[in-house]
Amino acid sequence: MITVEHLHKEYQSGDAKVVALHDVGFSIEQGEFVAITGKSGSGKSTLLYQMSALDYPTSGSVVIDKTDVTRLSKNARAEFRLDKLGFVFQEYALLPELTALENVMIPLLMRGVSLGEAKDRAAGALRRVSLGDRLGNRPSQLSGGQQQRVAIARAVAHDPTIIFADEPTANLDSETSKTVLDIFLDLHQNGQTLVMVTHEPEYAALAERIIQLSDGEIVSDKKTR
């Protein structure tokens with residue numbers, strides 16, 4: 001499903017060159033739930049952004065579902081993300097003026113889904129994360145955990161090939177974090193491919209595989225079960 005080869009990412013910080021990723025390579029099979037861990041600054045989020053076609057690497061390749069996304073144009077990458085990928089971010093990334101239903105509908109409408117079908121699919125996705133009674137609420141009327149569940153509903157509404165999650169529990173208390181992770185586990189058990197960045201060892205342990213980074217390099221890649 002995903003093949004990463006010789007991935008290298010450099011940044012320029014003033015006169016200094018910062019190597020965020022160095023010669024990273026691995027593969028992820030369809031249906032795997034993979035956690036990417038490491039200390040702050042280890043390259044976790046940078047790796048996720050390269051893998052999910054949100055950023056271009058300095059060199060190397062990322063192949064998703066037989067498409068080398070590192071060779072796509074900016075517009076083609078945007079279309080690929082919209083069609084194939086789902087995203088859950090630390091900050092929820094919801095539009096404050098829109099309802100939960102409308103926030104989930106946006107990527108569907110952008111894909112050309114009719115208004116009626118988009119409403120039905122968005123409502124179904126929100127019911128899937130136990131928010132069927134919150135369709136008309138705006139983000140300011142929802143708790144942090146509820147907002148993250150709306151973000152998950154938005155990520156799954158178009159049946160993506162892969163869901164990428166970047167520190168999805170960072171702003172949540174432990175009980176709410178468990179609710180979010182239970183949703184991920186349910187998605188995984190239903191065959192969804194998931195890649196999650198987390199700095200919490202107990203949350204990483206819920207995935208079936210943990211890739212640990214240090215200073216932009218993989219130091220461990222192991223199955224948990």
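Structure notes:
- In the stretch 85-108, the residues that are charged (D, E, K, R) and in a helix (DSSP H, G or I): Glu102
- Residue satisfying all of: in the stretch 117-129; crowded, with 20+ Cβ neighbours inside 10 Å and of a type in the set (Gly, Ala, Ser); farthest from Asp182 (Cα to Cα) among these: Ala118
- Near pairs, Cβ below 8 angstrom, 6+ apart or cross-chain, from the stretch 58-86 (over 23 Å from Ala157 (Cβ atoms)) to any residue that is open to solvent by 60 Å² or more (accessible area, probe 1.4 Å) and part of a loop (DSSP other than H, G, I, E, B): Thr70/Tyr56
- Conditions (1) touching a residue at least 24 places away in the same chain (Cβ under 8 Å); (2) open to solvent by 10 Å² or more (accessible area, probe 1.4 Å): number failed by Ser114: (1)
- Looking at Ile2, Ile36, just one residue is open to solvent by less than 20 Å² (accessible area, probe 1.4 Å), within 20 Å of Ser214 (Cβ to Cβ) and among the aliphatic types (A, V, I, L, M), and that residue is Ile36.
- Selection within the stretch 24-43: residues that are at pLDDT 95 or above and among the charged types (D, E, K, R). The member of this set that is farthest from the chain's Cα centre (by Cα) is Glu29.
- Options Glu91, Glu97, Glu79; residue that is open to solvent by 80 Å² or more (accessible area, probe 1.4 Å), of a type outside the set (Gly, Ala, Ser) and under 15 Å from the mean Cα position of the chain (by Cα): Glu91
- Scanning the stretch 10-30 for residues that are free of Cβ contacts under 8 Å to residues at least 12 places away in the same chain and surrounded by 11 or more Cβ atoms within 10 Å (Cβ to Cβ) yields Tyr11, Val18.
- The number of residues in the stretch 167-204 that are within 18 Å of Ser45 (Cα to Cα) and either open to solvent by 10 Å² or more (accessible area, probe 1.4 Å) or in a loop (DSSP other than H, G, I, E, B) (or both) comes to 10.
The values are calculated or read from the model by the stated rules, or taken from the named source; none is laboratory data. Just so it is clear, the model here is predicted, and its values are computed rather than measured. Here the Cβ is made from the backbone with ideal geometry for all residues, glycine too, and neighbour counts use every protein chain on show. We work out accessible area using only protein heavy atoms, side chains counted, and drop any ligands, DNA or RNA first. Shrake-Rupley method; radii C 1.70, N 1.55, O 1.52, S 1.80 Å.
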